[in-house]
Each structure stands twice: as C-alpha cells, then as structure tokens.
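Asker: Questions regarding the structure given below will be posed in turn.
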Amino acid sequence: MWPGTWRKLLAALNPVSGAALRAVKRLHCPAGKRDTIFALSSGHGKCGVAVVRTSGPASGAALRSLTGQQELPRPRAVALRRIHDPSSAETLDRGLVIWFPGPHSFTGEDCSELHVHGGPAVVGGVLQALGRLPGLRPADPGEFTKRAFQNGKLGLTEVEGLGDLIHAETEAQRRQALRQMEGELGQLYQRWSEELTKALAHVEAFIDFSEDDNLEEGVLAQVDAAVRTLEEEVSGHLQDGRRGERLRGGVHVVIAGPTNAGKSSLLNLLCQRPAAIVSPIAGTTRDVVESALNIGGYPVVLSDTAGLRETQDVVEREGVSRARERLQQADVVLAVLAAVDVDPEPRCFADALRAVLPPGPPAQRAPCILVLNKADLLEEGRGGALLGACGEGALPPTCLLSCKTGEGVDSLLSLLGTQLEQMCGDPLAGSPSLTQARHRLHLTSCLCSLGRYHGYKSLDLVLAAEELRLARRHLGKITGRVSAEEILDIVFRDFCVGK
Amino acid sequence: MFLLRRRRRALPPAPLPWRRRARSDGTAPRWDVVVIGGGHAGTEAAAAAARSGVRTLLVTHKADTIGQMSCNPSFGGIGKGHLMREVDALDGLCARICDQSGVHYKVLNRCKGPAVWGLRAQIDRKLYKENMQKEILNTPLLTVHEASVEDLLLMEPEPDRPGKCQVSGVILGDGSRVHAGSVILTTGTFLRGVVFIGLKMHPAGRLGDQPSIGLAQTLEKLGFAVGRLKTGTPPRLAKDSIDFSVLERHMADNPPVPFSFLSEAVWIKPEDQLSCYRTLTNAKVEQIIHDSLHLNNHVRETTRGPRALVVMAIPCSRYCPSLESKVLRFPNRIHQLWLEPEGLDSNVIYPQGMSMTLPPELQEQVIACIRGLEKAKMMQPGYGVQYDFLDPRQLSASLESRLVQRLFFAGQINGTTGYEEAAAQGVIAGINAGLRVSGKPPFIISRTEGYIGVLIDDLTTLGTNEPYRMFTSRVEFRMSLRPDNADSRLTLRGFEEAGCVSQQRYAQASQMKAAIEEAIAVLKSLQFTATKWSRLVPEAPISTNRSSLASALDILQYPEVTMELLARAIPEPLRKFAECRELAERLKIEAVYEWHVASQQQEIEEVRRDEALQLPEDLDYFAIDASLSQEVREKLDSNRPQTIGAVSRIPGITPAAIVNLLRFVKTNRQRTEHIEHSRIGRPLPEGNTLGKSKFQNSSLSCAS
C-alpha cells in the first residue's frame, strides 16, 4: 500500500550537490519542546532602567551566553554582570541579571531578567543579541501572559487589566505601524510583502493545480527570480550602514544657525567639555561635531554644524551642505541666533528661522527650539522685549541664554527636556530603534528562509514552499498576517483553475 | 416500513440513556442514529455510526441511488486524495470501494515531494454504486429504508447544553414516525435545489430528482441561517462519436497505487486500465459563449427569461466552476478539457472542464468546434444547480448543530464541494452521532492531526461563501499531514476513542507504527563519519568535508539513497527494515521530512495548547463581562469559535481580545469548579452532569 513510486520520484529529481544539502542541513536546529520568547518588559520611553525578560527552555543558555559565564546566578537572586553580544563579544552594558528557574517563575517556565540602562541603544543591542541566539524569538503581544496562563501561574486579579495593557500596546504598535506604513520604509516593506505573498501563492498554485489545470509555463522560474530579487533587496537593506548608525543613536538634536551665533559654544556648554573648537572667527566649525549626552534621562546625540552662509571656501561649502543634510535628519533642531543680531519683531524672527530650518511645511518639520545666545551683550531691558516678541508670532519655544555666563541654560534644558519627554513618552515617536531592532530580527529570519528556499527547491517542493511560508510569516510580523484565503485569492486571480 | 436488509451483531448494544425516557409514541421504531441521504456523506456517516456499534438507519429517496457519483467520474486528487487516506484510516468506505471500482489510477504530483502526492482515479460509476450498495447492505447494525423525510421530530432540549430543542426522530413522507437518538442530515443540494439548463429552470436536487421542500421549511423555521451556492456539471458525450486519434492520450500508472491502507493492490489488471484524453478550447468556443451572453443579457432586460444563464455565468466563486466563467475571467486563452471515461463498458465520456449552462443547442455548437469532438454526440446537456446550504458556523466541531441538539449535518449541505470533502464530514458526523447517543465525548480531529481537521475547522470557524474545496495550501502542517502516514495519525485514535476501526486495521496500523519508530531509532543510532559514509554509499554525493558524524537517517535524505541501498551497505541491522517494501518506502519519506516535522513540532504544540483552551458552547458574547469591543463580540458571535485556537484564526480578532477571553475562561472554570465542589456527596445525574462539563474537561490545567 503506498507502493513504490520512489524510484520514479528519484528519477524526476535533479541530483543535488552535497554542498546544497549541507547548506540546507546546517540551518536546522534541534527542536526543543517549546521555543523561548523575549521582550522588553518595561514600558516604552522614559526609563532609567529597562527590563528585558525571556521565558522558555533556552532562557538559561541565553543568560549564559550574554553574561559570558558558565555559572548561572543563584536562583531569584540579583547579580551584577557585564552583558555582551555573543556574536561580537562587544560589551553592551553592565546590568543586573536575575535567573528564575521554572516552575517558580512568572510564566512557570525558565525565565531570566536583564535589568539594563534604559537607552534605546542598549536595549536595542540586547534585543538584537537575544534574537541571534538559537531557539529565541521576540514574543508576540500577550504571549508571556498566555504562557503564564497555560501553566496555571496567573490568578484572576493578575490577568485582570493585562488585556487592557496589551490592547494599549498593540494599539500603539498598530498606530506606529500605520505611521511607518505611510512612509517610504513602509511602502518598501509593503511591496516586499506583496511580492513574497505572490511568490508563495504561485508555488502553492503549482503544488495544488499544475497537474490538472494548465498553469502558464515557467511559473516556478518566475518565482525563483522574484525570490532572488527580494533576497538582494532585503540583504541590501539590512546592510545599510547609515540606518544602523541611527539605530544606535538616540534622539538626534541638531544645533544650527548662522555663523558666529555661538553654536559650538552651546555644544560645549551642554557637553560640559570642549568638544568643539570655538573662536570669534566666523566659519570655525566646518564639519559636523557629534557628542552623545544624557538630557533629563533621554539619550541624545547632539550635533554641532557649520554656520549656514553662502561661501566661496570649498571646505566650508561642504560643511554647510553637511549641516543642511543633518538638519533634514534631525529629531529636534536647536536654532541658534545671536540675540544682538535680531530685532524684537516677530517677522524678523520668522525670517531668521526660515533661513535656518529645512524647507517644507512646518507640520512635517522636526520640532524646533529657538535659542537666543549672547544675552550678556544685550542692553538692559532688550531681553524682555525680545522674549515678548517671540510670544506674539507662531514661533517655536524660545529661550534667552548666554553661553559665556551660563545664564539661561537651565531654561533651555527644561525646554529640551519637555520636548524629549513629549517625543519619547509617546510610543508613536519614542524609541524608534526598538521597533527597528524588531524589524531587523524579522527581516534577517525572512532572509534566511528565502535562502533555504533555493536549497530545497530541487530536493522537495513542499520543503521549499515551507521556507516561503516561513519567510512570509516573518515578514508578516512587520506588515501583517496573510491568511490561507488571501493566498488562494491570488491563486485564483492569477490562474484559471477549476473544473 | 420496507426494510431492505437488517442485520444485528451477536450482542445487542448496551441500553442507551435516551431509550430509558418514557415515550408517548411507544409503537414507532427506534434507532440510535438516523441518517438522511445516501450520497457520499450519508453512506460514510451511516457506515461509521454502525461501525462504532450503534443501530443505524439510512433513509433515502431511492435506495438505488445509494453510492451514486452524481457528477465527475473520478475520486481523489491533490488534497482530496489526502482526505480519502484519512477517511480510510478511520475505516471509512470510499477508498476501499475505489480500489474495487477504478478504471484508471494515477498519482498526481509525483515529482513534487511525497507530502503532496495526490492519489486519484477514474471510477466506473456502475461498479462504484454496486460495490457501495453491497458494502452498505452488508454492514452490521445498518439498515436502509427507502422514503422521503418531510420533517423532524423535536422535543425539549437537554438542559445545560446549547440549543433551543433537540431532535428525537423524523417524520417520513407517508406521515410515519421514526425515533432516533441522533439524526444526521446529508441532503446535498436538495434544499431548495433549482436546476438551470439554458433559459429553463426547474426545482430539483439533481436532474431527475425531487428537491426537499418540507425539510427546508423546517430548518428555516428553526432559525438556521442558510446561504445560496451554485455549481454545475458538463454535458456528457458519446464515446463512439469522438475522434481520439487526434487527441493527447494520458495513460494510467503501472502499477496502479491503491487508495486504501488495507488494499494490497487494486482490482483491475494494470494493462486493462482505460486512458484519458486531453483537448483544448479555442477562439470559436469563446466567441459562442460571448455571443450567447449578450443574448441573455437582452433576455434579462426584457424580464422575460429567468436569470439562469447570466446568474450562472457571472462568477462568484473564485474557483472557476464553468467554461463560461473561465472565458469571461481569462479571455483570449486556451483552456484544457479532459475527456474522462465513465466506466469499462460505458459509452459515456465526461468532459471535465466543460461545465456549461448554455441552452442545449448552443452547448452542441461549442462541442462541435473543439478538436476531436467535431462529430461528438451530446448525450445529456450540461446544467447548473443552485441550492441552499447551511452556514456551517452553526455547527460545532463534531458537526452537531448548536441550534438543535443531536442534529448533525455533513456534506454538500455544509457548503463544501466534492465527494471526498463530503465523505470526510460523513465519517466524522457518523462517529459523533454515535458517540452522542452513547454519552461519550465527541471525536474531534485537530488541524494539527489531519486534513479532515482543517476542513471542519475552516467550515465551523470561518464559514464559506463559495463551495469549499480542499487544497493543500490550506493546511499549515502540510509536511506532517501526509498521505503515507494517515494511519499513524488517525487509525489508533479512531479505534481507541471512536470505536469505528476494525481490530484487523488497528493491529496493522499499530504494527506499522511500531516498526517505523523502531527503524528510525536504529537509523538514528547508526552514526559514522562522512568519509565512512561515502565509502559505504558511493551513490550519494556525500561531502567528506563535514566533520561531525552523520546518522543513517541523515544519509537516507539524499535523493540517491534508498533503504535497499542502505541495507546493502549495512545489512545488520538494516536488512529487516528494507525487506518490507511498504516500510522501506515510508522510512524514506520519514527521512525526508524528519527534521522539518521535528522543528515544526513546537508550532504544532502551540496550536494544540490553544485548542485545549475550550470556550463554552453557549457563550453569549454580547452579555459576557469581558472587555471586548462590539465588533469583536459580533465576530465571536457569528463564528462561535470553540477554542482559543479557533479564536485566533478569526480575521480581525486582536491579541487583547484573546487575553480577555482567556481571563473569562478562567473565571468560568473557577465557577464551575465551585459548583462541582458544592455537588460532592450527591449522586450525579446520568450523562452530562454539568452544563460546562466540556469546559471542565478542557485542559486549562494542561501544562504545568
């Protein structure tokens, strides 16, 4: 029964090179009972300490490889450890780790907690490192709760409210996804999603219908080509260096303004160290000078840029163009003007600002803070007139300070702090790198599956199709799930099948 | 009452709870299970109920139509063949009958991996019917009665179960009553069926049969939601009027592969098998169809004619049902037509792909312009059928309706198309109707266990708006749910939990399963270096660069390697596993998928965990105190998911809604536990004691 059709199958299969089979096999990982999930468990945005939690059988192994120590800490005791990225041995942070062996844990499974510093760079790094470990994957919304529930670990009062929490989280994610989907990146992911879904649908059609119905010639060859294009695009995207830089960045605050307004002095003042050369000569700063600092608990990358002016100097002109480029990427702009150079008229402020800020409607521009420097040089009473004028027009929040005396810096810091809180406290805009870290993980997994598709294609089409299904699922974590019915929709749209 | 045949087992079945109830009508005959309809769902349902040991009555209009293949003369295919293997694994009939009645056996998808091999055969209609009738009439505990069913007998519902009433029997065409513990409706397209040929329409289930009107009214009165579907069948051609010499011939497999795990071989000699032929449509065909559509639009505009042609031709099903819809949706293309034999001594040819609802004279025109059919004689025109189907979301996974207790539905009436889909539902409805009567828990196949599970879960959770057909793309765990291992997946469960599997089949499946497990353990334990393997099996392109040890199971994955080859290289201990050809072939398939199935196991476990979290059947989603949006409540109410797993498959249900439902389930469980505690010390009433008994049985405490 099930009599011999293998011989014929074997004849039909192309001989596969050992290398191909090896490539295919290397990627297997032995199946544990259940996979291990991880997630940032503390909320988004402002936090001094972030908690990353794992749950599942590989929790212990993950803790060992991140701490680089064979010994797990004593159960349920706090231990201070250096946390590495196992793939690069780079130190990510020093933080507290706790080991909760199951069943005495929140979910009933082996769990670990990593308490690290709350910056997106650190948290993103830890999440990425975890995602690269075998058997670990980012948790779906509510998954910790579900596991705890399945393992009989949750009392009623504990589950109460968790649904709302997850709702809030997923709602924010949805809005965030929506916001991203409107952007260029979103369009890119959406296009990939459509192409991959179509490729998968065509393979499924080939499996289900090619024997009975007449599918067009070369369906599989087209799929191969589509998968290769997709692979190239995704891997190119993942290797994009600039985006990686931004990922580790934090909030980009860019200091801009005309020459000699005191931009570099402001940078030095905020960093509390002479990071940039300052001189009375206009056009001293010619390149972008960056400094990372912490303002009100938020990680900030502060950039000082060349003064904006028309110039014949080739080097300075390049500096100005870099300054403009940096302004385009800014999350917050500190527009610095010399208080002595502007009249206390709203119109004058507006003109001066327009010269600094990138063109475009105000709604699409990064938030801006107007800094009036050199307050120490003002005549008595003129400062009040300036601030009064600022209050009249539709101008950004303004502060009057003196880099020389340090007067008024507190009010800038408080304005900036409010701005950062607004940006980071709002999950829509805050911690952009966390979302990106998640995207990166899913895109990497998607790419691995696409690669395996080619290996399996000549061995067994079902295995190859499975890899496309997996790739689709990974991409679907970013762009949304696709149901079997939607796949069938494409099949029936693209092929005339049926009897 | 005209009983065609009635047999009993030596031991009468144990007295059943429902029979103890006092009945006012003491004279009417009583059955455990009554099945209405003798098509593919009805025969499987009746036989499955009888196999599981309950006294079963099959009621049909015409006993002579039992086992009739109403449309295409073939069984199986990709996905459908999988269903047949699973029906067979549960000791169902259609696979075995096909092994006794086929005239052209062919395995589809041979070059695409054994997980999607599609067993298929052209079947001799006459032989199938004869063999099926023989089987049905010889099934112990199964009786056939020829009558029409006009109405259902209803009574007060059992408390603590969903449903406004329960069925207690049926009223036949002559007004007589038949009592039953459970009733299964398998009436196919007979509910308000209307046949369309060209511009003519007349009520009928199939050409020449009467539609069921009384039953349709009763179901409507009971509040069942119905939808309308359409299907069609091609004209039939006279074999001796076709010029096959100009057509592409397609030969059957030699040797033919049987459908059933029990068949050593099929009945027919390989060389006696018939061939199929392929021909193609052309521009002229398209022209005729377009011209006549125009004509019919005109007819509709003048409100003179019925909407027949237009309605039938406008495709609402994505899967092209008719030649008209193919031409309209994919213009300027050539479409395939398969000329399939209807039997060894039949002069009828079934042109698959040619379903039409044009007026007969236009159908003849279409036929005459196709290559090879220039002189073909049309023996019967193609026609379309419109019929009511029952929204299957009103059924639980056991196929019992939630509205009327003990009333089961199976087959085309649930919105499916195809003999195999019908048979699969029939087996499940039959088993569960029997289990219901015996007061045992239902027999549910999960999506992780079989195509049958996917079919029924899709239907009962998501419903359908076109005739539902099985495709392998619907199946998440395609690598593990293969035709070769259907017995390991289902036969043991069928024997132990449903009692619908014979001792002989159970023994055979158990032995095979044990042999495979033993062999895989041995293959895994044989570990050598790549260098040694490439010396032992020079046929395989094993790279000697790899440093780690490889097991014999790893080596068996190479396309070049078979068990025979391995056994020649290492006779001890492999020889005994290569001697049985079936075992050797199954081991090879296991080797190909072993890694992948193992790595998918986590996901399968995840689905099973979610499915173990059951929701009460009678949950009022609009009333429950859980934080759910109105939209989610409406979705839950119309889909009536039975488990958290099913909830997660409903489009538009958010993770938050799932967690809130989990919380609700937990509250509910605590409540029922409380009730249970308070009842301790009292004798429990017979049968289902607590309304939420299912709920208690659910493995909410499963993990830990």
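The values are calculated or read from the model by the stated rules, or taken from the named source; none is laboratory data. Treat the numbers as computed from the prediction; the structure is a model and nothing was measured. Every residue, glycine as well, gets a Cβ built from its backbone with ideal geometry; the counts of neighbours run over all protein chains shown.
Asker: Does residue B:221 qualify as being among the charged types (D, E, K, R) and either surrounded by 15 or more Cβ atoms within 10 Å (Cβ to Cβ) or touching a helix residue (DSSP H, G or I) at 6+ places or on another chain (Cβ under 9 Å) (or both)?
Answerer: So residue B:221 does not fit the description; no.
A quick yes/no check of all residues on (1) over 27 Å from residue A:439 (Cα atoms); (2) in contact with a Pro (Cβ under 9 Å, 6 or more places away or on another chain); (3) facing chain B (nearest Cβ under 7 Å); (4) assigned to a loop (DSSP other than H, G, I, E, B):
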residue	(1), (2), (3), (4)
A:459	yes, yes, yes, yes
A:465	no, no, no, no
A:470	no, no, no, no
A:478	no, no, no, no
A:482	no, no, no, yes
A:486	no, no, no, no
A:493	yes, no, no, no
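Asker: Can you name the residue in segment A:464-493 that is in contact with a His (Cβ under 6 Å, 6 or more places away or on another chain) and of a type outside the set (Lys, Arg) and, of all such residues, is nearest to residue B:319 (Cα to Cα)?
Answerer: Restricting to residues being in contact with a His (Cβ under 6 Å, 6 or more places away or on another chain) and of a type outside the set (Lys, Arg), the top hit is A:474.
Asker: Can you confirm whether segment B:571-587 contains a residue that is within 13 Å of chain A (Cβ to nearest Cβ), under 36 Å from the mean Cα position of the chain (by Cα) and within 30 Å of residue B:633 (Cβ to Cβ)? Talk me through it step by step, then tell me what you get.
Answerer: Step one: list which residues in segment B:571-587 are within 13 Å of chain A (Cβ to nearest Cβ), which gives B:578, B:580-587.
Among the residues that remain, those that are also under 36 Å from the mean Cα position of the chain (by Cα) are: B:578, B:580-587.
Now narrow it down to the ones that are within 30 Å of residue B:633 (Cβ to Cβ): none.
Within segment B:571-587, none of the residues are within 13 Å of chain A (Cβ to nearest Cβ), under 36 Å from the mean Cα position of the chain (by Cα) and within 30 Å of residue B:633 (Cβ to Cβ).
Residue by residue, here is whether (1) in contact with a Phe, Trp or Tyr (Cβ under 9 Å, 6 or more places away or on another chain); (2) more than 12 Å from every other protein chain (Cβ to nearest Cβ) holds:
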site	(1), (2)
B:228	yes, yes
B:233	yes, no
B:237	yes, yes
B:242	yes, yes
B:249	yes, yes
B:253	yes, no
B:280	no, no
B:283	no, yes
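Asker: Of all residues in segment A:380-416, which are at pLDDT below 80 and either within 38 Å of the chain's Cα centre (by Cα) or acidic (Asp, Glu) (or both)? Reasoning before the result, please.
Answerer: Here is the first cut: in segment A:380-416, the residues at pLDDT below 80 are A:380-395.
Matches in segment A:380-416: A:380, A:390, A:391, A:392, A:393, A:394, A:395.
Asker: So, one more: If you take just the strands (runs of 3 or more DSSP E) that sit entirely in segment B:351-447, which of them hold at least 1 residues that are modelled with pLDDT of 95 or more and surrounded by fewer than 22 Cβ atoms within 10 Å (Cβ to Cβ)? Walk me through how you get there before you give the answer.
Answerer: Working: elements: B:378-380, B:383-390, B:407-409.
Per the criteria, B:378-380.
Asker: Still on this structure, please answer the following. Report yes if residue B:538 is part of a loop (DSSP other than H, G, I, E, B) and touching a helix residue (DSSP H, G or I) at 6+ places or on another chain (Cβ under 7 Å), otherwise no. Walk me through how you get there before you give the answer.
Answerer: Values: part of a loop (DSSP other than H, G, I, E, B): yes; touching a helix residue (DSSP H, G or I) at 6+ places or on another chain (Cβ under 7 Å): no.
It is false that residue B:538 is part of a loop (DSSP other than H, G, I, E, B) and touching a helix residue (DSSP H, G or I) at 6+ places or on another chain (Cβ under 7 Å).
Asker: Can you confirm whether segment B:611-620 contains a residue that is out of contact with any Cys (no Cβ under 7 Å at 6 or more places or on another chain), under 19 Å from residue B:481 (Cβ atoms) and not aliphatic (A, V, I, L, M)?
Answerer: Yes, segment B:611-620 contains a residue that is out of contact with any Cys (no Cβ under 7 Å at 6 or more places or on another chain), under 19 Å from residue B:481 (Cβ atoms) and not aliphatic (A, V, I, L, M).
Asker: Here is a list of conditions, (1) under 24 Å from residue B:337 (Cα atoms); (2) modelled with pLDDT of 50 or more; (3) small (Gly, Ala, Ser), and residue B:313 meets all of them except one; can you say which number that is?
Answerer: (2)
Asker: Among the residues in segment A:117-124, are any closer than 22 Å to residue A:148 by Cα, touching a residue at least 60 places away in the same chain (Cβ under 8 Å) and within 22 Å of the chain's Cα centre (by Cα)? Spell out how you get there, then give the answer.
Answerer: Pass one, segment A:117-124, residues closer than 22 Å to residue A:148 by Cα: none.
No, segment A:117-124 contains no residue that is closer than 22 Å to residue A:148 by Cα, touching a residue at least 60 places away in the same chain (Cβ under 8 Å) and within 22 Å of the chain's Cα centre (by Cα).
Asker: Can you tell me which residue is nearest to residue B:256 (Cα to Cα) among those in segment B:112-159 that are within 14 Å of chain A (Cβ to nearest Cβ) and touching a Cys at 6+ places or on another chain (Cβ under 7 Å)?
Answerer: Start the filter on segment B:112-159 by keeping residues that are within 14 Å of chain A (Cβ to nearest Cβ), which leaves B:112-122.
Right, trim to touching a Cys at 6+ places or on another chain (Cβ under 7 Å) and you get B:121-122.
On the way: B:121: 9, B:122: 12 Å.
The selected residue is B:121.
Asker: With the requirement that a residue be on the phi < 0 side of the Ramachandran plot and away from every other protein chain (no Cβ under 14 Å), what does segment B:90-103 give you? Before you say what the answer is, go through the steps one by one.
Answerer: Within segment B:90-103, the subset on the phi < 0 side of the Ramachandran plot is B:90, B:92-103.
Hits for segment B:90-103 are B:90, B:92, B:93, B:94, B:97, B:100, B:101, B:102, B:103.
Asker: Residues B:473, B:488, B:510: which one is closer than 30 Å to residue B:228 by Cα and in a helix (DSSP H, G or I)? Outline the logic, then answer.
Answerer: Values: B:488 fails: closer than 30 Å to residue B:228 by Cα; B:510 fails: closer than 30 Å to residue B:228 by Cα.
Matching residue, one of B:473, B:488, B:510: B:473.
Asker: Inside segment B:160-177, can you point out the residues that are farther than 15 Å from residue B:437 by Cβ and of a type in the set (D, E, K, R)?
Answerer: Passing the criteria: B:160, B:164, B:174, B:177.
Asker: Filter segment B:476-505 down to residues that are surrounded by fewer than 23 Cβ atoms within 10 Å (Cβ to Cβ) and either among the hydroxyl-bearing types (Ser, Thr, Tyr) or at the interface with chain A (Cβ under 9 Å from one of its Cβ atoms) (or both) and give me whichever is nearest to residue B:189 (Cα to Cα).
Answerer: B:476
Asker: Only one of A:248, A:273 is assigned to a loop (DSSP other than H, G, I, E, B) and modelled with pLDDT under 80. Can you tell me which?
Answerer: Values: A:248 fails: assigned to a loop (DSSP other than H, G, I, E, B).
Every option except A:273 fails the conditions.
Asker: Take the conditions among the acidic types (Asp, Glu), modelled with pLDDT under 70, under 30 Å from residue A:300 (Cα atoms) and touching a helix residue (DSSP H, G or I) at 6+ places or on another chain (Cβ under 9 Å) and apply them to residue A:171. Does it pass? Quick ask: steps written out before the conclusion?
Answerer: Values: among the acidic types (Asp, Glu): yes; modelled with pLDDT under 70: yes; under 30 Å from residue A:300 (Cα atoms): yes; touching a helix residue (DSSP H, G or I) at 6+ places or on another chain (Cβ under 9 Å): yes.
The answer is yes for residue A:171.
Asker: In addition: Would you confirm whether any residue within segment B:612-624 is within 8 Å of another protein chain (Cβ to nearest Cβ), more than 22 Å from residue A:480 (Cα to Cα) and modelled with pLDDT of 75 or more? Step through it out loud before you land on a result.
Answerer: First, pick out the residues of segment B:612-624 that are within 8 Å of another protein chain (Cβ to nearest Cβ): B:613.
Of the ones still in play, those that are also more than 22 Å from residue A:480 (Cα to Cα) are B:613.
Narrowing further to those that are modelled with pLDDT of 75 or more: B:613.
Yes.
Asker: Six or more apart or on different chains, Cβ atoms under 6 Å: show the pairs whose first residue is in segment B:607-629 and at positive phi and whose second is assigned to a loop (DSSP other than H, G, I, E, B) and of a type in the set (A, V, I, L, M, F, W, C).
Answerer: Within 6 Å, no pair qualifies.
Asker: If you don't mind, another one. With (1) more than 23 Å from residue B:119 (Cα to Cα); (2) of a type in the set (Phe, Trp, Tyr); (3) touching an Asp or Glu at 6+ places or on another chain (Cβ under 9 Å) as the list, and residue B:471 as the residue in question, which single condition is left unmet?
Answerer: So residue B:471 meets the others, but not (1).
Asker: Does residue B:270 fit the bill of being more than 11 Å from chain A (Cβ to nearest Cβ) and either β-branched (Val, Ile, Thr) or touching a Gly at 6+ places or on another chain (Cβ under 7 Å) (or both)? I'd like the intermediate steps shown before the answer.
Answerer: Details: more than 11 Å from chain A (Cβ to nearest Cβ): yes; either β-branched (Val, Ile, Thr) or touching a Gly at 6+ places or on another chain (Cβ under 7 Å) (or both): no.
Spelling it out, it is not the case that residue B:270 is more than 11 Å from chain A (Cβ to nearest Cβ) and either β-branched (Val, Ile, Thr) or touching a Gly at 6+ places or on another chain (Cβ under 7 Å) (or both).
Asker: So residue B:578 passes all but one of these: (1) crowded, with 22+ Cβ neighbours inside 10 Å; (2) at pLDDT 80 or above; (3) of a type in the set (A, V, I, L, M). Which condition number does it fail?
Answerer: All conditions pass for residue B:578, except number (1).
Asker: Quick one: what pairs do we get from segment B:63-91, first residue free of Cβ contacts under 8 Å to residues at least 12 places away in the same chain and crowded, with 24+ Cβ neighbours inside 10 Å, second among the β-branched types (Val, Ile, Thr) and part of a helix (DSSP H, G or I), C-beta under 8 Å, 6+ apart or different chains?
Answerer: none
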